[in-house]
Amino acid sequence: MEVGLEIRGLKNSLVGPFDCVMGPGECIAVTGRSGAGKSRLLRMIADLDPHEGVVAFRGYLQNEIAAAQWRRQVMYFPAESGWWSDNVGDHFANRAEAEPLLHAVGLSEDMLGMSVHRLSTGERQRMALVRGLLLQPDVLLLDEPCSALDAVITARVEELLSRIRKAGTMIVLVTHDEDQVRRMADRRFRVLEGGRICEDMI
Ligand SMILES: Nc1ncnc2c1ncn2[C@@H]1O[C@H](COP(=O)(O)OP(=O)(O)OP(=O)(O)O)[C@@H](O)[C@H]1O
């Protein structure tokens, strides 16, 4: 298998160690009870939290790549994204490029003219996903990306993610939705009590 993302002995005081090798286009799900450490795990992979262990992307170690570049290639999508301007459109360098992705997840380009605070939770969630996808990361670290979405919109988001995977993009998906694990994931890891992580059946 061609190696895309390689994770060896990744841990902090709360969670791990985690070992996983992902190939292009692969999607792994990470599940576990609330507070188990799933978000912490994604943040370590993105180099946003201190950690021990090795993470490499296409053979390049995390610490050989500038943090900003790493985070752009291996991008963390938090459950609730930050916004640095009140206007939605200010977060998009190229609005024309955004339109097809907005439509794909059931949003309208008119929303780019709105205040962030006018968007619903689910609209903000999808807007943040589109904002990140436009930067074309190679690995998506998705933290409950559909938690605020209904079944129809969830299906559209999953369809978009499947298309992106076909181009080789890898996904680490944190979710509480067992059906989504079955629809999306090639493999599943569970974060257990005490932060131990084990691979389990889908
Ligand atoms: N900066 C931090 N320093 C220390 N502990 C933290 C920090 N942030 C979160 N925690 C704790 O780490 C534990 C794991 O948090 P995390 O957000 O990773 O859980 P989670 O599995 O993603 O939960 P959920 O499913 O509810 O989102 C929690 O007990 C949380 O209180």
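What follows draws every value from the coordinates through simple rules; no lab data is involved. Being a predicted model, the structure only gives us computed values, none of them experimental. When we count neighbours, we look across all protein chains shown, and the Cβ atoms used for this are built from the backbone with ideal geometry, even at glycine.
Summary of values
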read-out	value
Flag for Glu123 being surrounded by 19 or more Cβ atoms within 10 Å (Cβ to Cβ), closer than 19 Å to Cys27 by Cα and either touching a residue at least 60 places away in the same chain (Cβ under 8 Å) or over 15 Å from the mean Cα position of the chain (by Cα) (or both)	no
Members of region 32-63 that are away from the ligand (no atom under 16 Å from the Cβ) and either among the polar types (S, T, N, Q) or closer than 17 Å to Gly9 by Cβ (or both)	Gly53, Val54, Val55, Ala56, Phe57, Leu61, Gln62, Asn63
Unique residue being surrounded by fewer than 12 Cβ atoms within 10 Å (Cβ to Cβ) and either under 22 Å from Val191 (Cβ atoms) or more than 16 Å from the chain's Cα centre (by Cα) (or both) when the list is Ala46, Ala68, Ala36	Ala68
Selected residue [within 16 Å of the ligand (Cβ to nearest atom) and among the aliphatic types (A, V, I, L, M)] from Val130, Val172, Val157	Val172
Pairs where the first residue, in region 174-189, is at negative phi and the second is of a type in the set (Asp, Glu) and within 14 Å of the ligand (Cβ to nearest atom), C-beta under 7 Å, 6+ apart	Val174/Asp143; Val174/Glu144; Thr175/Glu144; His176/Glu144
Enumerated strands (runs of 3 or more DSSP E) restricted to region 128-202, each holding at least 1 residues that are in contact with a Leu (Cβ under 6 Å, 6 or more places away or on another chain) and closer than 17 Å to Ser81 by Cβ	139-143, 170-174
Residues of region 84-100 satisfying the condition of being crowded, with 18+ Cβ neighbours inside 10 Å and out of contact with any strand residue (DSSP E or B) (no Cβ under 9 Å at 6 or more places or on another chain)	His91, Phe92, Ala98
Odd one out for Met22, checked against (1) within 16 Å of the ligand (Cβ to nearest atom); (2) crowded, with 19+ Cβ neighbours inside 10 Å	(1)
